[in-house]
């Protein structure tokens, strides 16, 4: 059956049936979403967890207000980075004791890349090139450029196309390459890279790999340890619903924990944090990747999102995500064919993350018109409308209604109004 | 009049009168403190602001829950680093547009020191030594050691005694010194260093200076711009009452903003953050010192603390702080003289921060006994009991009651019980 035939048999009633039969349907009750809204930007900022507000109240009124400084011990603030880290690890196949939640993705990438390059400087000092996708999230590229500039000594960042990654680096994996930093899912197109085979290709080339899981953690099944990956970083505020700007994570393969220090070596990374010695001595294990004091409030709110995911079956999450994006793509092809719309996201399941990106020359204005109707996706240059599919709170009917709204906006040229052409600074 | 004579005339009634006449007395109503508690650890974690819980609710339920991704624009999340930065600047003489609130003190120090060394590498490449106090907060020292190791090329951190700093670096300010990193107040002893004369001495030696204001911002009057300082960092969770682990700040003198980039060059530091270009281009001005995405929740709660301070007269804060610590020292000398107690904090106002530190061989057990009575200070090795004096919510009667409790514990050897000798990991 062709894709368009598959969807031609679908109507809204069929979508409602799919929602009724959805094994994850009860998870929607764990989120608070505004009325008359279809929220398809959970790949940028996840929705509000129902427990977030109460947890913040507890932390502020009880732990901070009453416990005061003692709560670093009595309320477990001290251990939040490892407590949350292990919860993230459970979702990405990281194993216990290998992950901390702390700082931002960008900063954690700096730590990971610095440590990896230091390991390579011992083992293979001639390797001074860092490869990363040209379409990696720009902040990752900028952090690597900042690191290479700081290191000097011919360290260099080289950008590669997605096709080169998918092909196993036939043209770029030279004996100069020390490190490859890869986003697991392309943030614009939604293309997913195979972690296991890509990691193997990188290791065969003598390089190390750091995966950025910002757009895959909580969206699909990941087996970090099983894939042989060296390190990983990611955020908790997208699919993991940790709250706006909630802290990020860093994962380091156990065998690498103590092989190098990282340069952001604040007191939280010290072997004896409260000895207050003027001599640095790195902690053993993953705590070495901590730096300074974390926000107990934002960490605790992020934990609510992780706890929600802890009750979800990631195989079911992935299956539903693919079913949602299949439906989205099918409906776009079947119902928007009169318009210059192109599906950017790969059709093959093994190359697809948890979003659908489509392009249209008037993408910005179309997204503006959609948002006016309460359907919230986002826009990325050039011409790309992004729709994040978060299986815990998005259903099949939501997808139907979204494509129907798109059809209506395109058929009636609703987008072609002055108010939809105004560009704001952030989308 | 001798110190001991001054206090000998004081009794609890006199302290009550001082509290009644205190021009800052109404500020205590802006904090929520647990009953039967005297909280003298606000120099480690400030008390709960009354508005914090409500503000967190608004951010979570309204801004995150209803506004969702749009709140980056509509709720001002995007500008929180500069909005809060300017509020901090108002308290430390920083001028508008020179400060951002972001990340942790340790990470901000890494950015500042990296940029300063880069400026010096252009102007005076032979200067490769960083001086810092041996008794600077250890995390600062570790960050500088991490940076020096990362840079290699003979970069080196040298530790100097407080007396050397106070004397203007007669023995250590050589032509090799690129940068001096100084805590404004010694976290253990409470010694205050003169910002203006010390900065002048450092500049006369050809070096740059970064001040760590963790133990002085919100505790005393500071004139960063007027002192000629180059850069400063500090936290918001101590005297500024931003909440547990709330984000830190970084200040850069306006003339230096665009002289160098810093290596943690994430997308928030980019000239055109949302162009998503793979080429890094630094923003002009203080935004260059941002890195990744901040927590809107912890930033917004921190803002409540800053707003409270925005209504306080810092000259009154400083005057009351000194009156409180004068009283504390006087009472210790007058009433604890039968015991081996030593006041560590300098007597001279110009060398005193906003805490009183006293030593006793059984300091740890004594602090444990005090905390059991609801009087919360903290303990620092070796043998030091620290009492933070936060003028917005601590009064003269609190000081009286604290010294009386100390006298009782010492006279009756209450501290000499097994439960007070157990060491916990964090104090």
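Nothing in this text is a laboratory measurement; each read-out follows from the coordinates by a stated rule. Note that the coordinates shown come from a computational prediction; the quantities given were computed from them, not determined experimentally. All Cβ positions, even for glycine, are placed from backbone atoms using ideal geometry, and neighbour counts span all protein chains on display.
For this structure, a couple of remarks:
- GNM on chain B, alpha-carbon springs under 10 angstrom: the most fluctuating residue among B:296, B:89, B:178 is B:296.
- The angle between the Cα long axis of helix A:363-372 and the longest principal axis of the Cα atoms of chain A comes to about 80 degrees, rounded to the nearest 10.
- Teacher prompt: residue B:50 distances to equivalent labels in other copies, 7 Å Cα→Cβ, nm: 3.4
- Globularity ratio of chain A, using Cα Rg and 2.2 N^0.38 Å: 1.02
- Label point of residue B:254 set 7 angstrom out along Cα-Cβ; within the range B:86-105, amide nitrogens under 13 Å from it belong to B:94-99.
- Residue with peak Gaussian network fluctuation, chain A [Cα springs, cutoff 10 Å], from A:401, A:62, A:275: A:275
- Computed over the range B:54-310: relative contact order in percent, which uses C-alpha pairs under 8 Å that are six or more apart: 24
- Per-residue ellipticity at 222 nm, computed for chain B from helices alone with -39500 (n - 2.57) per DSSP H run of at least four residues, works out to -11000 deg cm²/dmol.
- Helix B:138-151 and the long axis of chain B differ in direction by around 20°, with both axes built from C-alpha atoms.
- Calculated over the protein assembly as shown: convex hull of Cα atoms, volume per residue (Å³): 156
- Looking at chain B alone, DSSP beta bridges between its own residues are antiparallel in about 55 percent of cases.
- Annotation for the range B:32-68 versus the range A:91-162: alpha-carbon center distance of 36 Å.
- Exam field: residue A:26 pseudo-label spacings to other copies (7 Å along Cα-Cβ), nanometres: 5.4
- Measuring between their Cα centroids, the range B:262-299 and the range B:74-88 lie 14 Å from each other.
- In nanometres and ascending order, the distances from the residue A:223 label point to those of the other copies are 6.7 (point 7 Å from Cα along Cα→Cβ).
- Extending 7 Å from Cα along the Cβ direction at residue B:61 and again at residue A:134 yields two label points whose distance is 5.0 nm.
- Distance between modelled label sites at residue B:315 and residue B:28, nm, 7 Å Cα→Cβ extension: 2.5
- Considering only the protein assembly as shown, percent of DSSP beta bridges that pair antiparallel, nearest 5: 55
- For the range B:172-320, the relative contact order comes to 20 percent (Cα pairs under 8 Å, sequence separation of at least 6).
- Distance from the range A:365-427 to the range B:306-385 (C-alpha centre basis), Å: 59
- When only Cα pairs below 8 angstrom with a gap of at least 6 residues are kept, the range A:70-132 shows a relative contact order of 20 percent.
- Using a Förster distance of 56 Å, the FRET efficiency for residue A:417-residue B:167 (Cβ separation, nearest 0.05): 0.20
- Relative to the longest principal axis of the Cα atoms of chain A, the long axis of helix A:105-123 makes an angle of roughly 50 degrees.
- Cα-derived Rg to Rh of the range B:202-287, Kirkwood definition: 1.04
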